[in-house]
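The values are calculated or read from the model by the stated rules, or taken from the named source; none is laboratory data. Not measured: the values here are computed from a predicted model. So basically every Cβ, Gly included, is an ideal-geometry build from the backbone, and we count neighbours across all protein chains shown. Each accessible area value is taken on the protein alone, full model and side chains, heavy atoms only, with ligands, DNA and RNA left out. Shrake-Rupley method; radii C 1.70, N 1.55, O 1.52, S 1.80 Å.
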Amino acid sequence: MNATPKPTNGSWSPSLVAFFCNWCTYTAADLAGVSRMKYAPNIRTIRLMCSGRVDPQFILDAFSKGADGVLIGGCHPNDCHYAEGNYKCLRRFRLIKRMVADLGIEEQRLRLEWISAAEGEKVKTVVNEMVDQLKALGPLGIPKQFAEWDAEMTRLEHAAQTSQSAESEVAHA
Amino acid sequence: MYIPKKHEPVRIGFYICHCGVNIASMVDVKEVAKYVGTLPNVVVSRDYKYMCSDPGQEMIQQDIIENRLNRVVVAACSPMLHEQTFRKATEKAGINPFFFQMVNIREHDAWVHTDRLEATRKAMALARAAIQRVPLHKPLEVKKVAVHPNVLIVGGGIAGIHAALVLANAGKRVYLVERDPTIGGHMAKFDKTFPTLDCAMCVLSPKMAAVGSHPNITLWTYSEVAKVDGYVGNYKVVVRRKPRYVLEDLCTGCQECVEACVYKEPKFRDEFNLGLGKRKPIRLPFPQAIPPVTLIDPETCIELKSGKCKKTCLEACGDRKAIDFKQQEELREILVGTIIVATGYQIFDAKRTPYYGYGVYPNVYNALEVERLINASGPTNGELVMRNGQVPKKVAVIHCVGSRDENTNRWCSRVCCLYSLKLAHLIHERTNAEIVNFYIDMRTPGKGMEEFYNRLSEEGMMLVRGKVADVYPDPTDGTTGRLIVQAEDTLMSRILKIPVDMVVLSVGLEPHPDSDKIRRLFNMSCSSEGWFLERHPKLAPVSTFTDGIFLAGCCQGPKDIPDSVAQAGAAAAECFSLIDKGHIEQEPNTAFVVEKECSGCKSCIPLCPYTAISLLEDKKKAYINEALCKGCGTCVASCPSGSIVQNLFEDAEVFSEIEGLLAPVPV
Amino acid sequence: MVAMLEPELCEKGATIETVLDTPEGKRILTCIQCGMCAGTCPYGEYMDYPPRRIINMLRRGFIEEVFKSDSMLRCVACYACMSKCPRGIRLSDVLLPIVKEQTLINQPEIPAELQKTLQNTLRYGNPMGESSRKRVNWATANGTKVPIMAEIKRPVDVLWFVECYTAYYQRGQDNSRAVAKLFNALGIDFAILGNEEKCAGDCGQLTWESGLFETLTDYNMEIFKKYKFNRIVTGDAHAFNAFRIRYPMYGFNYPVEHTTGLFARCLPQLKPKLTKKLNYTVTYHDACCLGRRAGLYDEPRDLLLAIPGIKLVEMTHNRVNSICCGGGGGGMWLDTFFKQKGMERLSERRVKEAIATGADVIAVSCPYEIYRFEDALKVIPHDKPIIVRDVVELLAEALGD
Ligand SMILES: Cc1cc2nc3c(=O)[nH]c(=O)nc-3n(C[C@H](O)[C@H](O)[C@H](O)COP(=O)(O)OP(=O)(O)OC[C@H]3O[C@@H](n4cnc5c(N)ncnc54)[C@H](O)[C@@H]3O)c2cc1C
Ligand code: SF4
Ligand code: SF4
Ligand code: SF4
Ligand code: SF4
Ligand code: FES
């Protein structure tokens, strides 16, 4: 079910997948709503209990399924509802950031923000900022890349097979 | 109860709420329902005006029965508001409540976007994520945890006092922890209170005394909460009790020691009177203090500083043996089920608005100082004499000092207009002085308040609409300390320069400087200003984001005494609700180890903040103690072999959510 | 303490209409009509339209009436209203300059003195109408030797922007010589632009002659581009203000410091050199552009207190509550106009406060002030002698030899 970036009124618009912790950032996003703040509609949020639950696999999976950016939101240092889930998240984030860079994914596409339950305004600015950056970067198109790599692999495999069979044919000859 | 049978087909019912026009005006709900109806496993897909209403819930229940639904998804407001409502509704119709999933298209969609097409697409994506996730849901059971019946109340102002009495009178055991040596808070400093102009201590002191003698209240003054562990129903709290050097059980409050102190005259800054009076090293904070127990200030007591005092106080105390110079700080541990935080506020420091000359010109006072000056038990016995010994003939009262100002505090402190009117009246009553009140907007909301304003206006006080810009010494005056108050009278468009003898600064209310520390201690949130954050501004005004911890009084935001008391009652009722039910239900979002996949690498063990994970030595497998696990999911994200599962947030559930979010939508 | 306002860019070429679309403009609409601005304005009682009324007229659609009044000519751009406005409205930075520009356009006749000054500045690059070829004279006369960019032909650390009063006027030149002495004492690598320098334009800007200001900005920016240096330092509070707040709109991005800020930063090196005892009681007058606009309240005071023998006393109005000398926003050239309107000279109001402190010296940090206060002292009676000195002059004097 690979999603190719969908056109919006003919033009491309980025997909931003967010993982927000239940206690701070998700609540902050609720607050932004209650306060009727306006921000870019590109964000799609998944609620987790804590930013510590964010498995690096989630991030890679989101990119591979067509996200142009991934945002993680957790409580400020010392404020995590579970004491230190956000620190664990930060440690993992640093690692995954390097990995993502190795994959050739620009660093602005992955972001971690501490947003407390009172910071509805920050949800707004962070999302807007990130969507602007993603717009400037253009589509990431990992699914398409994967498709190309897959094609490449099958072609190579095929080539290998045919050359093998050719070899064996030669051997038989 | 519905137990899914293996291979039984998933049958989802999807419901999208209009929320009146709240959602429907920005999201094309019909389109979304139509689209979701085409998705796999979806049996019914409907839109409805108010899903949370009874007919809305009944619709779901009827569908469950008639269409044999076994999964329900509702797209409406935030799960924080109505997840429980819909879980209960599905449960009533016979399916496990955790076969329900909620989609937030109001707070996270309709209310924050402006493009209807984009908002509709977003709603479709969010709905699809839930539709893809919900087939994977497992039936779960809520855990029940007992609630300890004792209550901790932090802060002994009027709010804390009232909450303590409500609970104690109903037979609950209450620990009241107060930082100062006496309870009473700000109200104990006032002379009279608006809007009734009744004597503050006349209503407060019986309540204070009741707290002091109540068999169900353990009162710990001069104490602070040092540590809080645990969770709703079971909080373990450590309280630090500072030494008073006078033993509470033995002191009778006779104050013979104070009389006998080697300092014949009071000599040191009296904190209770904001430095307007003097006290001795040993003293009772004020006559009606509760507990009526003296205390010794180690900074000024000769014995405590150098060990070289004649200790005449000790002598005077005699057989009562209440004075103990060796008293040490004590730590007490208590177990409570619920906590009320009622730590109040502090007044704005007028030195931060230097143009009003507070701290520079002796005749400039803040309002709380004036409360003490006109208080019969204050440093001047209720006579309004200024630092220069004179009685003012003309007084300016400046409203909004430190409030409604981007340079200081942005909020309106709510009580200042009213207490300014009160002080104007009281000063006039005591001194016959002419009073000028300078205000920006006269804010008198609340029952009886406008009438109060009306009544005082009739008394003929002068009211000038304009924020005072400058206070400076009258250049034509040499000695009396007369001041010029300069402001634009905005209703006349004229600059006034009014000479006065005394200036009263109506300082605003602000959070305590250590509010951030207190917030962390109790795992609460703060607004950006530092007031403790309520769970919902309208529907959960005294709850916090931490279950079992409630707020009362000004620590949540500026308010008057009636509102502080009302909140205290509400917070007490919230505690009752938990105590009387006897248990709380916990989200079953705990984690467990799938033993056959665990490699015994132990990497999860140090990660758990609650030490819920241990190694089963015999099997060399990790094991999670469900009673200790709080469900953060940190271990799950880190297990290299993927062998830990978190209920409600299983990997497969999250992956299918991601997939659903990113799938193309038809519009 | 009153919040320091960030010198973010104010829109170039802004008009009332364009400003109202910006966040700053929206801020204007939040005015609560408290009257703080009018009440604190040193000339508030002489204005038909102090900021509060301007905003209300604007909101009600009567702003044209304000433009026709000469009310805003009385604004000395002292930043008092802006720093005390409870809504944080950037009056003196954003709204008032626009109103002033329109006021000037709508006046049947501009006060002659001001008119002449603006013309001089355009023609000669300085408000006094002095020859631009004489700008460097102070630096070459009397044996002083000050390096000049065009001559030394190498990059320097500090480009010292001298400015007009400090280049042409006798008392201003004293100030400049003091700065040169201090630079040398501290071993600072510096040079000046000499005759290539033109007025930075703050005065023009504050009377909102935007055309004149742009001409000067464009000119000076071109000159800056010719040379290599690390930062710009100026002893003129108004040039400092222009560089911080307006020049960035024209691509200026050099670090900029006022001499008091620089010397305060160098105090550890400077202090041991301040060996000569000066037995003065000094009162310090906060320059609007340094104090209220840039938050430099402590720096000049720290410098004064570093001089052995100096005793510091404060005037009634100090720091954020200081009273303007009356020279800003074109006030320097409106004294006659003010007099016609029956308005007290602010410099006179200010020296009265200084005299009341019993000080021997009024210390200042803006070249306008020396001139204005010395003038005011001529007419305000005082029993005890009192003199006006720039902070840098006192520092140089304390250097010994
Ligand atoms: C000058 C003035 C006049 C006023 N006049 C009136 C009036 O006439 N009528 C009216 O209705 N309202 C009036 N008010 C408002 C009134 O003061 C408040 O509504 C009321 O006092 C709020 O009570 P509280 O218990 O929430 O807070 P507080 O009175 O502030 O009490 C809080 C208590 O908590 C304690 N505490 C703080 N931190 C801790 C901690 N960490 N641990 C333990 N204890 C702690 C404090 O020592 C204090 O005893 C006035 C306010 C002012 C400033
Ligand atoms: S310490 Fe002793 S003397 Fe002092 S008040 Fe208590 S009982 Fe009386
Ligand atoms: S989910 Fe969190 S609380 Fe539960 S065992 Fe894992 S780390 Fe501990
Ligand atoms: S000080 Fe600010 S808010 Fe008050 S009237 Fe002036 S512009 Fe408006
Ligand atoms: S900048 Fe100064 S002179 Fe101008 S209006 Fe504001 S307070 Fe008055
Ligand atoms: S709960 Fe928010 S980061 Fe842990």
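May I ask you to derive the FRET efficiency for B:Asp580 and A:Ala136 from their Cβ-Cβ distance with R0 = 56 Å, giving the value to the nearest 0.05?
The value I calculate is 0.45.
Quick one: Cα centre-to-centre distance for the range C:150-210 and the range C:315-384, in angstrom?
After rounding, the separation between the Cα centres reads 24 Å.
Which residue, C:Pro42, C:Gly358, B:Pro664, has the largest displacement toward the positive end of the dipole of the protein assembly as shown when charges sit on each Cβ (Lys, Arg +1; Asp, Glu -1)?
Final value for the positive-end residue is C:Gly358.
Under the rule a/c < 1.5 gives rounded, and otherwise a/b versus b/c splits prolate from oblate, where does the range B:348-508 land using the Cα gyration tensor?
Rounded, since a/c falls under 1.5.
Need one number: the % of Cα-Cα pairs in the range B:110-204 sitting beyond the 16 Å mark.
74
Label point 7 Å out from C:Ser132 along Cα-to-Cβ: which residues of the range C:181-199 have amide N under 18 Å?
C:192-199
I need the trypsin sites (Lys or Arg not before Pro) found in the range B:1-98, filtered to DSSP loop residues with at most 10 other beta carbons within 10 Å of theirs.
B:Lys5, B:Lys6
What percentage of the solvent-accessible surface of the range B:606-649, computed with a 1.4 Å probe over protein heavy atoms, is contributed by carbon and sulfur atoms?
So the carbon and sulfur contribution to the accessible surface is 58 percent.
Could I have the simple spin-label model distance between B:Ser457 and B:Tyr231, label points 7 Å from Cα toward Cβ, reported in nm to one decimal?
5.6
Let me have the 222 nm mean residue ellipticity of chain C computed from DSSP H runs of 4+ only, each contributing -39500 (n - 2.57), with the sum over all residues rounded to the nearest 500.
Result for chain C: -11500 deg cm²/dmol, rounded to the nearest 500.
Chains B and A: how much accessible area gets covered up at their contact, both sides added, probe 1.4 Å, in Å² to the nearest hundred?
Accessible area lost upon association: around 4800 Å².
Quick one: pull the percent of accessible area on the range B:12-142 belonging to carbon and sulfur, 1.4 Å probe, ligands and nucleic acids left out.
Exposed carbon and sulfur together represent 52 percent of the surface.
About the Cα centre of the protein assembly as shown, how large is the charge dipole given +1 on each Lys and Arg Cβ and -1 on each Asp and Glu Cβ? Please answer in debye to the nearest 20.
1140
Can you pull the mean other chain C-beta count within 10 Å for peptide A:29-37?
Mean shielding by partner chains, rounded to a whole number: 6.
Please state the charge dipole magnitude for the range C:128-221, taken about the Cα centre, from unit charges on C-beta atoms (+1 on K and R, -1 on D and E), reported in debye and rounded to the nearest 20.
Charge dipole of the range C:128-221: 500 debye, to the nearest 20.
Run the accessible area of the range B:364-434 with a 1.4 Å probe and give the carbon-and-sulfur part as a rounded percent.
It is 44 percent, rounded to a whole number.
Using +1 at the Cβ of each Lys and Arg and -1 at the Cβ of each Asp and Glu in the protein assembly as shown, identify which of B:Met524, C:Asn126, C:Pro255 lies farthest towards the dipole's positive end.
With unit charges placed on the Cβ atoms, the residue in question is B:Met524.
Rounded to the nearest whole Å², what accessible area per residue is found for the range A:16-139 with the 1.4 Å probe?
For the range A:16-139, the solvent-accessible area averages 34 Å² per residue.
Buried accessible area between B and C (1.4 Å probe, both chains summed, ligands and nucleic acids excluded), in Å² to the nearest 100?
2100
Determine ³J(HN,Hα), in whole Hz, for all residues of the range B:150-155 in sequence, where each value follows from phi through the Karplus function 6.51 cos²θ - 1.76 cosθ + 1.60 and θ = phi - 60°; x replaces Gly and Pro.
Here the 3J(HN,Hα) series is 7, 10, 9, 10, 10, x Hz.
Let me know the longest stretch in chain C that avoids all GluC sites (Glu not before Pro) found in a DSSP loop with at most 11 other C-beta atoms within 10 Å.
Answer from the scan: C:110-401.
For the range B:369-386, just list the computed ³J(HN,Hα) in residue order, Karplus coefficients 6.51, -1.76 and 1.60, θ = phi - 60°, integers in Hz, with x standing in for Gly and Pro.
4, 5, 3, 5, 5, 9, 8, 4, 9, x, x, 10, 6, x, 8, 7, 10, 8
So for the pair B:Asn388, B:Ile605, with labels modelled 7 Å out along Cα→Cβ, what separation do we get in nm?
For B:Asn388 paired with B:Ile605, the spin-label model returns 7.6 nm.
Where only protein heavy atoms count, and the probe is 1.4 Å, what is the accessible area per residue for chain B in Å²?
Accessible surface, normalised per residue, equals 40 Å².
Hey, what angle do you get for helix A:142-172 against the long axis of chain A, alpha-carbon based, 0 to 90 degrees rounded to 10?
Result, in degrees: 20.
Under unit Cβ charges (Lys, Arg +1; Asp, Glu -1), what dipole magnitude, rounded to 20 debye, does chain B have relative to its Cα centre?
Dipole size: approximately 780 debye.
Inside 10 Å of the C-beta atoms of A:51-63, what's the mean count of C-beta atoms belonging to other chains?
5
Considering only C-alpha atoms, what is the centroid distance from the range B:304-337 to the range B:36-59, in Å?
Taking the Cα centre of each part, the range B:304-337 and the range B:36-59 sit 69 Å apart.
Kirkwood Rh over alpha-carbon pairs of the range C:178-283, then Stokes-Einstein at 37 °C and 0.692 mPa s: what D in µm² s⁻¹, rounded to an integer?
211
Across the range B:21-28, in residue order, what do the Karplus-derived ³J(HN,Hα) couplings come to in whole Hz, using 6.51 cos²θ - 1.76 cosθ + 1.60 with θ = phi - 60° and x for Gly and Pro?
10, 3, 9, 4, 6, 10, 10, 6
Assuming a strict under-22 Å limit between Cα atoms, what lysine pair count do you get for the range A:31-155 once near-sequence pairs (fewer than 8 apart, same chain) are dropped?
Step by step, the pairs that qualify in the range A:31-155 add up to 12.
Stokes-Einstein at 4 °C, 1.567 mPa s, Kirkwood radius from Cα pairs: D for chain C in µm² s⁻¹?
For the chosen part, D equals 60 µm²/s.
Count, for each residue of B:466-476, the Cβ atoms from other chains sitting within 10 Å of its Cβ, then give me the mean as a whole number.
Across the residues of B:466-476, the mean count of other-chain Cβ atoms within 10 Å is 5.
Give me Rg over Rh for chain A, both radii from the alpha carbons and Rh done the Kirkwood way, two decimal places.
Over the Cα atoms of chain A, Rg/Rh equals 1.16.
Could you check what % of the DSSP bridge pairs in the protein assembly as shown are antiparallel, to the nearest 5?
Antiparallel bridges make up about 40 percent of those DSSP assigns within the protein assembly as shown.
Quick one: in the range B:441-560, what % of C-alpha pairs are over 24 Å apart?
Considering the range B:441-560, 54 percent of its Cα-Cα pairs are separated by more than 24 Å.
Given the alpha-carbon gyration tensor of the range C:244-325, what are the semi-axes of its equivalent ellipsoid in whole angstrom, ordered largest first, with each equal to the square root of 5 times an eigenvalue?
In descending order the semi-axes read 26, 19, 7 Å.
Can you give me the solvent accessible area of C:Ser322 with a 1.4 Å probe, rounded to the nearest 10 Å²?
The accessible area of C:Ser322 comes to roughly 10 Å².
Working from the pairwise distances between different alpha carbons, so that the mean of 1/r is found and then inverted, what is the protein assembly as shown's Kirkwood radius in Å?
35.7
Looking at B:His399, A:Leu48, C:Ile232, which one has the Cα that reaches farthest to the positive end of the dipole of the protein assembly as shown (charges on Cβ: Lys, Arg +1; Asp, Glu -1)?
Projecting each Cα onto the dipole axis, the largest value belongs to B:His399.
What is the distance, in nm, between label points placed 7 Å from the Cα along the Cα-to-Cβ direction at C:Lys271 and at C:Leu305?
Distance between label points: 1.0 nm.
Return the whole-Å distance between the Cα centroid of the range A:87-138 and the Cα centroid of the range A:36-59.
Cα centroid of the range A:87-138 versus Cα centroid of the range A:36-59: 10 Å apart.
Return the calculated 222 nm mean residue ellipticity for chain B, to the nearest 500 deg cm²/dmol, obtained by summing -39500 (n - 2.57) across DSSP H runs with n ≥ 4 and dividing by the residue count.
-8000 deg cm²/dmol
Name the GluC sites (Glu not before Pro) in the range B:441-528 that are in a loop by DSSP and that have at most 13 other C-beta atoms within 10 Å, would you?
Filter output for the range B:441-528: B:Glu459.
Could you give the angle, 0 to 90 degrees to the nearest 10, between helix B:651-662's Cα long axis and the longest principal axis of the Cα atoms of chain B?
For helix B:651-662, the angle is close to 90 degrees.
Return an integer: the convex hull volume of the alpha-carbon atoms of the range B:432-500, in Å³ per residue.
106
Could you list the chymotrypsin sites (Phe, Trp or Tyr not before Pro) in the range B:181-279 that lie in coil according to DSSP, counting only those with at most 15 other Cβ atoms within 10 Å of their Cβ?
Loop-located and lightly packed - none at all.
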